[in-house]
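These notes concern the structure reproduced below.
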Amino acid sequence: MKNENIKYINRELSWIEFNARVLHQAEQPEVPLLERLKFLAIVSSNFDEFFMVRVAGLKRVKDTDLDWKDITGLTACEQLKAISERVHTLVDRQDKILTNSILPEMEKEGLVYIPWNKYSPTEKLFLENKFTEQIFPLLTPLRTDTPAELPHLSNLKLHVAFTLKPIIDTSTLPEAFKSHSENSPLALVQIPNSLDRIVLLPTTGNIQRFTFLDDIIIQFGTRLFPGYSIEQSLIFRVTNDAAFSVDEERDTDFIEAMKEVLQARKTSYPVRFICNNTSPEIRDILVKKMNLEAQDIYQINGLLDISSFAKITSLNGYENLRFPKWKHYKHIDLNPNTSLWDKIKSQDILLHVPYESFDIVVQFVNQAANDPQVLAIKMTLYRTSGDSPIIKALERAARNGKQVTVFVELKARFDEKQNMGWASLLQDAGVIVVHGIANMKVHAKMLLVVRREEQGIVRYVHMSTGNYNDATAKSYVDMSLFTTNPQIGNDASLFFNMISGYSAIQSMQQLAIAPINLKSKLLEMIEREIQHSTPETPGLIMAKMNSLGEKDIINALYKASNHNVRILLNIRGICMLVPGVAGQSENITVCSIVGRYLEHTRILFFQNGGNEEIYLSSADWLNRNLNRRVELMFPILQKNLFEDIKKTLNLYFSDNCCTHYLTKTGDWIPRTPTNLEEKRNVQQYLNNKYKKINETENKEIPTEFFVRRADSQK
């Protein structure tokens, strides 16, 4: 029985439970088959990053500070043990879903996986030719009995290990070519990334058979070792430590220091070993050489690296095995023949991706780049796509003589190399590029366009809960706002001055900025809700975000709950708050939604004694976001947008198809509709909503102009 009197939930264990909820989607029969396979792949990639960063960080703490404990009182050793136990359970569950459910169902649909020991004679001949002509030239077998013992194993790369047996007399060979191992020689072969791991076999009727590159290498592996036979083989993969960061107090050349970090990741030590079950002997040899513990080993009965199935999930002709396609509807205000400047001046515009297309943001930047009346563009850039139209527009704007300033966050983990490339490209075009703020990531999402008009200078501001990434905008749910509100425009100018130069902290009229005043404002608004709340007229706080783990915020919510404030939290990932505990959090409800889109919006609602307020934010309620990052929170001041967002937020607490509820024991329980309930899927509802809006956009609709106020009074 779990402890029912816990005050906080461990951060890492809470994050793992998010992946359990993703795994739950892979088990649901109503989810199309190839979508279930995608959910399995998401879990695999999530765990890769988790071990590279969070587990690697805990291992470092374990080696340097035995007395350190987290907010729940767990040491690093205790956390690593608990993480290993829970992740092993989920990996076993993931393996069984794939092996016992998804692969057999795929076979029924004509998608058949063929392992190396089940090739037909025709397939063997086909693959032998492929191996000889395309695969063999790329392979480099590595011996392991050199003085270094084990060659460096690249992070997340699949390898095949072979134990060998001489079939010729090796005593006459030159000393350098002899094995110096007391046991059977062990050789490693890295599976090349330059080839697709999945290989499609010749089709038979409507059956598409496929195999894996590693299967082919095992089948024809003896050709890599003339004079030897293969005794055993093992497919494995290591996860290396990637929890490196720049020492911003020591490193004066930030770009060079970041390059050193990226290089260090290539040669870092392993923190996890994943393998199949074909050779415990090889497994034990490798693990011993890597100095890993038993809890670091993840042995899988089926297939490794499920993310490789992307080729299968995207095959043509299997649309019935995927979600029905949803369009990214053109925003009602997006018309290439009209100017966005007049639209935004007349009323604020709310964009809700991916239900609405990100194209309006691209058009906004393109118009700014081409318009001779635009004098300056300033924006933050945290993550963007590989072929970003935003970057191209910014380059063009600079070449057109506009003052363009871009804050490129080089510390965006795993996007550092790409962001350094964008920074260099933009600088070459004449853009002023700001690289970083010491010891902080700039995670705020803001774009400011300064335009000269008849009445004077007008500032057009775009603020978002998500990145300026046209690729992820097709699958991440985010909201953003276009406005010319003068107070927000002035605050935006102050914000950019603050992050790009020497600017004394100045009070802002509408925006809250972390780490300056965002946390204190949240605490003030929670306390204000307490003051307004009575047993007869309880207060109400609703919040939707990715993660909740900041101790002061959690304690403030506990206090509010004890003062009759009703608190509804929709948390996609980490939640360290414990709901439903008498005398602590009995008025707090926590739910989480995992659906076809990744929920990424941060929406905050405060009832405020009837004078309601809604904010959008780039920040989650984590210590790092509120205390160690530059983040942004902005109000929704226009009445029609306010009501629209409030309705949407309420919908997230009525979903009964993709929702789990957090219990006071730390368990997440799926919510399913009863026989008397109608199914309510919030993502489906929102898609239908924007579809209807799109269907009526060409009809003649009376134009409404909504008055913006300088304050949030309704």
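Here are some notes:
- Any hit, region 40-52, residues being among the charged types (D, E, K, R), closer than 23 Å to residue 315 by Cα, not in a loop (DSSP other than H, G, I, E, B) and not assigned by TED's automatic domain parsing to the domain that holds residue 583: no
- Output for region 449-500, where each listed residue is of a type in the set (S, T, N, Q) and assigned to a strand (DSSP E or B): 464, 480, 483
- Count - residues of region 298-310 that are at pLDDT 95 or above and either surrounded by fewer than 19 Cβ atoms within 10 Å (Cβ to Cβ) or among the acidic types (Asp, Glu) (or both): 1
- Among the residues making up region 555-570, those that are surrounded by fewer than 22 Cβ atoms within 10 Å (Cβ to Cβ) and of a type in the set (A, V, I, L, M) are 556, 568.
- Tally of residues being under 16 Å from the mean Cα position of the chain (by Cα) and under 19 Å from residue 684 (Cβ atoms) across region 4-34: 2
- Residue 162 in the same structural domain as residue 219 (by TED's automatic domain parsing), touching a Gly at 6+ places or on another chain (Cβ under 7 Å) and touching a residue at least 60 places away in the same chain (Cβ under 8 Å): yes
- Filter result (surrounded by fewer than 21 Cβ atoms within 10 Å (Cβ to Cβ) and acidic (Asp, Glu)) within region 512-535: 524, 527
- Selection of region 480-492 for residues being out of contact with any Lys or Arg (no Cβ under 7 Å at 6 or more places or on another chain) and among the hydroxyl-bearing types (Ser, Thr, Tyr) yields 480, 483.
- Test: residue in region 506-529 that is of a type outside the set (A, V, I, L, M) and at pLDDT below 90: yes
- Yes/no for residue 217 being in contact with a Cys (Cβ under 9 Å, 6 or more places away or on another chain), modelled with pLDDT of 90 or more and over 18 Å from residue 52 (Cα atoms): no
- Residues (farther than 29 Å from residue 38 by Cβ and in a strand (DSSP E or B)) located in region 94-152: 141, 142, 143
Let's see how each residue does on (1) surrounded by 19 or more Cβ atoms within 10 Å (Cβ to Cβ); (2) not β-branched (Val, Ile, Thr):
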site: 616; (1), (2): yes, yes
site: 627; (1), (2): no, yes
site: 636; (1), (2): yes, no
site: 663; (1), (2): no, no
site: 677; (1), (2): no, yes
site: 683; (1), (2): yes, yes
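- Sole residue being out of contact with any Cys (no Cβ under 8 Å at 6 or more places or on another chain) and free of Cβ contacts under 8 Å to residues at least 12 places away in the same chain, chosen from 314, 388, 308: 314
- Scanning region 638-661 for residues that are assigned to a strand (DSSP E or B) and either crowded, with 21+ Cβ neighbours inside 10 Å or outside the structural domain of residue 568 (by TED's automatic domain parsing) (or both) returns a single hit, 659.
The values are calculated or read from the model by the stated rules, or taken from the named source; none is laboratory data. Predicted model, so just to flag it, every value in this text is computed and none were measured. We place every Cβ from the backbone using ideal geometry, glycine too, and count neighbours over all the protein chains shown.
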